Amino acid sequence: MTRLNFQLEKTASASAARAARLKTLHGEVLTPVFMPVGTQATVKSQTRETLVETGSQVLLANTYHLLLRPGEEVFKKLGGIHTFMGWKQSVLTDSGGFQIFSLPHARDMTEEGARFRSYIDGKEILLSPEVSIRMQKAIGSDIMMVLDQCISSDSSHGLAIEAMERTHRWAVRSLQARGDSPQSLFAITQGACFEDLRRQSADFLTQMEFDGFAIGGLAVGETKSMREDFTELSAQLLPSHLPRYLMGVGTPIDILEAVHRGVDLFDCILPSSLAQRGVAFTSLGKLQLRRSVYKFSEGQLDPACSCRTCKNYSKAYLHHLIKADEILGWHLICFHNLTFYHQLMREIRSSILEDQFIGYYHSKKDLLQQSDPEYPSAVARRIRNKKTDSMTLGDYEVYHSSQGVASMRQKSSGEVMHSVNAPEIEAQRLYIDQSHLLQKFKEVDQPELVIWDVGLGAAYNSMSVLSHYEGLSAQVGPDRLRAIQLVSFENDLDSLKLALKNPHLFKHLRHAAPHSFIQNSYWHSLQDRFQWKLVSGDFLETLAFAAVPDLIFYDPFSYKTNKSLWSWDCFQRIFRHCFHHETQFFTYSASTAVRAGLLAAGFLVARGIGSGPKSETTIALTSCVTDSSFELLPSSWMDRWSRSSAQYPVGLSVVEQLAFKEKLDSHFQFHGKPTSI
């Protein structure tokens, strides 16, 4: 039994949405719940009476700011924050971790904690896990947070590991500092936008006796779709019998999406901060009351709301107050926004308990994203046009398969990259698994592993190599892995650039590497153990200048679209570059013509695993390869070739056809003797 006596009442069908109740030192809280942010023991523009009237159950206060003013001694003398501000319901205190994040140039970060100077009197302050918990105990909050190190969502994997591990060590210290206090304590999972780190963080922290868990490190620069994906992942990794808290999120649609993914508690400054700028959240969508279109609007702010603002004041008057910078405008709009948020939470909770949430979710989803529905602005129209423009670039456009998988289509040929299989699955099965890549990563005593990625496209294969390497590095350490040189060949980068413009559709690109790669034609890890290089231009003209590969992941467009890359000449050039080396070549094609071309070039050819509707793919090997796990084509395959209607590459003269046939007839794969080059 935890200090909060958390009771899960209902989980919605076809969703992870949950309704629950918990008991703090100051009463029962029904979830899902939104907590208004009262950073300095006050929600800006509101009184404690208006907060109660809007329906607030829990307020959030900030340890960092209250430590500086009024200070620990004030809370000790006056009996804590509830007496200090006259608030009878629950309070959650943030630890100050976000302030550490937001002051990167004004603090000194060490294992001990964060040392900075007070913005009030210049006094040097150390905010350590112990100091943070001591201050939160003095504040007397119902729920305390451990001190954590938050970093930007686009941070490197190495930096994310360091911050996560420090957060873990600080969590242990925070739990020890809490002692036998009756106050509840939440841990905070970190890991930026890296799935392997999110899993590690949840696994470590859930082994300890915390009263709940927060999802930290989101809403700090990532895209909306990334935030939703990592919220879903993180929530799934947390215990179902304890509350889950998504820190700093968000707008009404953000909250709806996060509830759908299994989150219980939320906080955000937006209802107040946007109200100051004249933004109101309503049942019809978000309204920008500073706009002149509301100057003569006599109607009430939200016809579906019965709060004091909506009952007594017109949009025209609220517009006037905001334009005149009157505090009353901020107060009235914030009062309405908080009422709207709490009403939304009550509706969500009711729909979960009635097992109607998924229908409610779909009915509300689009509505909550509308802005000024009666008076769409020129900016809104430009945004809509921009969204359309973001789906095409040069000769490429985003394509959605019947299975809902996003891919790239070349407009000139109509050919779709990965038209049948999900690209991530094909990359895993066809290239990563067949090449035994993870085992090769571990061969630390071997020279640098060189991988050719021919046909970069939207970088699915390259990013799969990188993500597997980083995942293994996180487990065993980079020093215990082999150095990698990944060489990507591409003559048109527009497909990758277009994918990078749509990270919500191409989730594999949510990493700093492809952005640097596009800009600099190069990316390397912090430890320089992984190098990713771009060779731009015609593959036939550039391959001779690249490092000799150990592995070739051959994934260009098909013969119909890209004849030169499936020609006998191309395969001969590759073989000449590699024949003294132990090189393995993997491709999705299993056509007789491709296999014949590889054999005639000098390769050994083996059957690869099936991919989608294809029962087989193709593996080619230089004669130096010692791996005996590959199933070479038997001599009976030559009978199939002899019956084929496409025995020879297109364009060969009669003399060249004879030479081609002689190469196949005498190939040592079928006769046990070497073939000349």
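The values are calculated or read from the model by the stated rules, or taken from the named source; none is laboratory data. Quantities reported herein were computed from a predicted structural model and do not represent experimental measurements. Cβ placement follows ideal geometry from the backbone for every residue including glycine, while neighbour counts extend to all protein chains displayed.
Summary of computed values
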read-out	value
Arg134 vs. criteria at pLDDT 95 or above, within 30 Å of the chain's Cα centre (by Cα) and part of a helix (DSSP H, G or I)	no
Odd one out for Leu126, checked against (1) of a type in the set (A, V, I, L, M, F, W, C); (2) in a loop (DSSP other than H, G, I, E, B); (3) closer than 22 Å to Asn62 by Cα; (4) without any contact (Cβ under 8 Å) to a residue 40 or more places away in the chain	(2)
Selection status of Pro556, touching a helix residue (DSSP H, G or I) at 6+ places or on another chain (Cβ under 6 Å), buried (at least 18 other Cβ atoms within 10 Å of the Cβ) and not hydroxyl-bearing (Ser, Thr, Tyr)	yes
Count of region 264-303 residues which are under 21 Å from Ala61 (Cβ atoms) and part of a loop (DSSP other than H, G, I, E, B)	2
Boolean, Leu598 is more than 23 Å from Val650 (Cα to Cα), among the hydrophobic types (A, V, I, L, M, F, W, C) and at pLDDT 95 or above	no
Region 602-656: number of residues that are under 47 Å from the mean Cα position of the chain (by Cα), among the acidic types (Asp, Glu) and within 25 Å of Ser558 (Cβ to Cβ)	2
Among the residues listed as Pro514, Pro549, the single one being closer than 27 Å to Glu228 by Cβ, of a type outside the set (Lys, Arg) and buried (at least 21 other Cβ atoms within 10 Å of the Cβ)	Pro514
Failed condition for His508, given (1) modelled with pLDDT of 90 or more; (2) crowded, with 17+ Cβ neighbours inside 10 Å	(1)
Residue identified as surrounded by 24 or more Cβ atoms within 10 Å (Cβ to Cβ) and under 20 Å from Gln190 (Cα atoms) among Asp264, Asp254	Asp264
Residues being out of contact with any His (no Cβ under 7 Å at 6 or more places or on another chain), closer than 30 Å to Leu437 by Cβ and hydrophobic (A, V, I, L, M, F, W, C) - total across region 618-661	8
In region 161-203, the residues that are among the β-branched types (Val, Ile, Thr) and under 20 Å from Val220 (Cβ atoms)	Ile161, Thr167, Ile188, Thr189
Among the candidates Ser407, Ser419, Ser435, residue that is in a loop (DSSP other than H, G, I, E, B) and at pLDDT below 90	Ser419
Pair list, Cβ under 6 Å, 6 or more apart: region 349-378 residue farther than 15 Å from Phe281 by Cβ, other residue exposed (fewer than 13 other Cβ atoms within 10 Å of the Cβ)	Asp355/Ser13; Ile358/Ala14
Some residue of region 632-639 being in contact with a strand residue (DSSP E or B) (Cβ under 8 Å, 6 or more places away or on another chain), in contact (Cβ under 8 Å) with a residue 24 or more places away in the chain, surrounded by 13 or more Cβ atoms within 10 Å (Cβ to Cβ) and assigned by TED's automatic domain parsing to the domain that holds Phe557	yes
Only listed residue being buried (at least 21 other Cβ atoms within 10 Å of the Cβ), modelled with pLDDT of 95 or more, of a type in the set (A, V, I, L, M) and farther than 19 Å from Ala163 by Cα, chosen from Ala214, Ala202, Ala177, Ala187	Ala177
Test: residue in region 568-583 that is surrounded by 15 or more Cβ atoms within 10 Å (Cβ to Cβ), closer than 15 Å to Phe670 by Cα and touching a strand residue (DSSP E or B) at 6+ places or on another chain (Cβ under 7 Å)	no
Residues being assigned to a loop (DSSP other than H, G, I, E, B) and farther than 23 Å from Gly537 by Cβ - total across region 455-495	4
